[in-house]
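J.: Structure provided below as structure tokens; questions to follow.
Every number here is computed from the coordinates shown, using simple stated rules; none is lab data. Source: prediction; values computed, not measured. Cβ sites come from the backbone with ideal geometry, for glycine too, and all protein chains shown count toward neighbours.
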Amino acid sequence: MEKRSGIRAVKGGEAMKIFVEMAKCENHGQCAISAPNNFELDSDGNLRYQESFGEEDLHDIEDAIDSCPLQAISLDRDPTYA
């Protein structure tokens, strides 16, 4: 997965980042299918993801949020965005 730094999407006027509640996540991989630029399963089947993303990926990330069977993914305000 390509590491992206300094890229934050803005939704509703606020910078956002991806948050996955790993205690809920069971690595079903639906997010990796919906948004492969942002989510992937590693060789052990564990989820890896990038918190930061560009606006061009926002629709796919929203699909990933909707497709998660455990609703473990959310977009959170990014307080570090300047």
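J.: Please find the FRET efficiency linking Gln71 to Asp44, where r is the Cβ-Cβ separation and R0 is fixed at 25 Å, and quote it to the nearest 0.05.
T.: Working from the Cβ atoms, E equals 0.60.
J.: Where in the stretch 23-41 does the amide nitrogen come within less than 14 Å of the point 7 Å from the Cα of Glu62, taken along Cα to Cβ?
T.: Taking a point 7 Å out along Cα→Cβ of Glu62, no residue of the stretch 23-41 has its backbone N under 14 Å.
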